[in-house]
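As structure tokens, the structure follows; a few thoughts come after it.
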Amino acid sequence: MKLRKATLTIATGLTLSLALTACGGGSDSGDGDGKITIGIKFDQPGVGLKTPDGEYTGFDVDVATYIAKELGYDAKDIEWKQAPSAERENLIRNGDVEFVVASYTINDERKAKVDFAGPYFLAHQDLLVRTDETKITKAADLDNKKLCSVTGSTSAQNVKKELAPDADLQEFGGYSECLNGLQSGAVDALTTDDAILAGFAAQKEHQGKFKLTGLKLSNEPYGIGLKKGDKELQGKINKALEKMQKDGSWEKFVKDNFGSANYKNEPAPAITETS
């Protein structure tokens with residue numbers, strides 16, 4: 001009798017322990033402690049930026065905050081995690097974040113590793129030039145001119161290989177160096193996604209100095225990256241994105257973050273990433 005009673009007590013304890021574990025959730029990025037961890041860029045003004053005083057600003061930050069609220073989290077419950085381009089899939093698959101909102105273009109290669117909700121924005125590869133520049137109106141005009149981008153940028157290579165093979169490609173460590181070169185005349189154009197370019201151009205210290213050419217050299221549908229197979233979260237995020245478009249928040253976020261750059265954005269895209 002004593003042995004049976006002891007066995008029953010142990011079994012009950014194990015059952016309770018397993019139940020508590022299930023309720024608490026298995027990921028540090030989820031809602032087990034009332035917090036949610038979201039991956040964003042820390043170095044893209046207007047898109048995702050961590051300021052010197054520790055604030056987080058940008059279109060992606062506004063979108064992520066809106067989604068988190070629809071999922072039941074206040075802004076104070078969000079823990080932001082830096083999501084460099086090369087680390088986005090790893091952060092998602094390892095459970096370090098609940099989802100990623102980081103100028104994250106949806107493509108087949110990435111969809112083999114993670115799932116997406118959205119898209120929530122349609123960007124295009126473009127060129128940023130000085131405001132008084134009149135000779136660069138198409139990509140071919142970059143032949144024999146100095147084109148700048150960050151080291152390893154695929155967008156710069158695309159222009160050089162396909163559109164302006166005689167462009168003099170200058171690669172720097174960061175976009176700020178390209179902007180300094182553009183302002184001083186050391187380079188003639190900077191290329192990457194137009195949303196990122198608009199964010200830099202909208203910065204107070206850059207306003208009025210640069211303009212986008214509006215060439216739309218590629219389509220870059222930005223999506224919300226999440227763990228593969230999490231259809232429930234995908235559905236909830238898509239629902240939040242639809243609401244964000246309908247209630248005017250999407251337009252407000254675009255105006256707040258890109259308005260001063262005179263950026264001609266595309267309308268909010270239709271959501272295509274569904275179960």
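Within the range 71-96, the set of residues being surrounded by fewer than 18 Cβ atoms within 10 Å (Cβ to Cβ), within 18 Å of Arg110 (Cβ to Cβ) and modelled with pLDDT of 95 or more comprises Asn90, Arg93, Asn94, Gly95, Asp96. Would you be able to say whether some residue in the range 252-265 is within 19 Å of the chain's Cα centre (by Cα), among the aromatic types (Phe, Trp, Tyr) and assigned to a helix (DSSP H, G or I)? Yes, the range 252-265 contains at least one residue that is within 19 Å of the chain's Cα centre (by Cα), among the aromatic types (Phe, Trp, Tyr) and assigned to a helix (DSSP H, G or I). Out of all the residues in the range 209-231, is one or more of a type outside the set (Val, Ile, Thr), assigned to a helix (DSSP H, G or I) and open to solvent by 40 Å² or more (accessible area, probe 1.4 Å)? Yes.
Cβ-Cβ contacts under 9 Å between residues 6 or more apart (or on different chains), taken from a first residue in the range 221-239 that is on the phi > 0 side of the Ramachandran plot to a second residue that is of a type in the set (Asp, Glu) and open to solvent by less than 90 Å² (accessible area, probe 1.4 Å), are listed as Gly229/Asp115. Just name the residue that is farthest from Asp193 (Cα to Cα) out of those in the range 97-127 that are open to solvent by 30 Å² or more (accessible area, probe 1.4 Å) and charged (D, E, K, R). The selected residue is Glu98. Looking at the range 130-147, can you tell me whether even one residue there is open to solvent by 30 Å² or more (accessible area, probe 1.4 Å), hydrophobic (A, V, I, L, M, F, W, C) and modelled with pLDDT of 90 or more? Yes, that holds for at least one residue. Lys204 meets each of the listed conditions (1) open to solvent by 20 Å² or more (accessible area, probe 1.4 Å); (2) under 29 Å from Ala270 (Cβ atoms) apart from (2).
The listed residues are Ile271, Ile237, and the only one of them that is more than 22 Å from Ser153 (Cα to Cα), at pLDDT 95 or above, in a loop (DSSP other than H, G, I, E, B) and open to solvent by less than 90 Å² (accessible area, probe 1.4 Å) turns out to be Ile271. The set of residues from the range 161-171 being crowded, with 16+ Cβ neighbours inside 10 Å and under 14 Å from Ser218 (Cα atoms) comprises just one member, Leu163. Any residue at all in the range 180-193 that's within 16 Å of Lys264 (Cα to Cα) and either open to solvent by less than 20 Å² (accessible area, probe 1.4 Å) or of a type outside the set (A, V, I, L, M) (or both)? The answer is yes, given that some residue of the range 180-193 is within 16 Å of Lys264 (Cα to Cα) and either open to solvent by less than 20 Å² (accessible area, probe 1.4 Å) or of a type outside the set (A, V, I, L, M) (or both).
The values are calculated or read from the model by the stated rules, or taken from the named source; none is laboratory data. Since this is a predicted model, take the numbers as computed values, not measurements. Glycine gets a Cβ as well: all are built from the backbone with ideal geometry, and neighbour counts include every protein chain shown. Please note that ligands, DNA and RNA were not included when accessible areas were found on the heavy atoms of the full protein model with its side chains. Shrake-Rupley method; radii C 1.70, N 1.55, O 1.52, S 1.80 Å.
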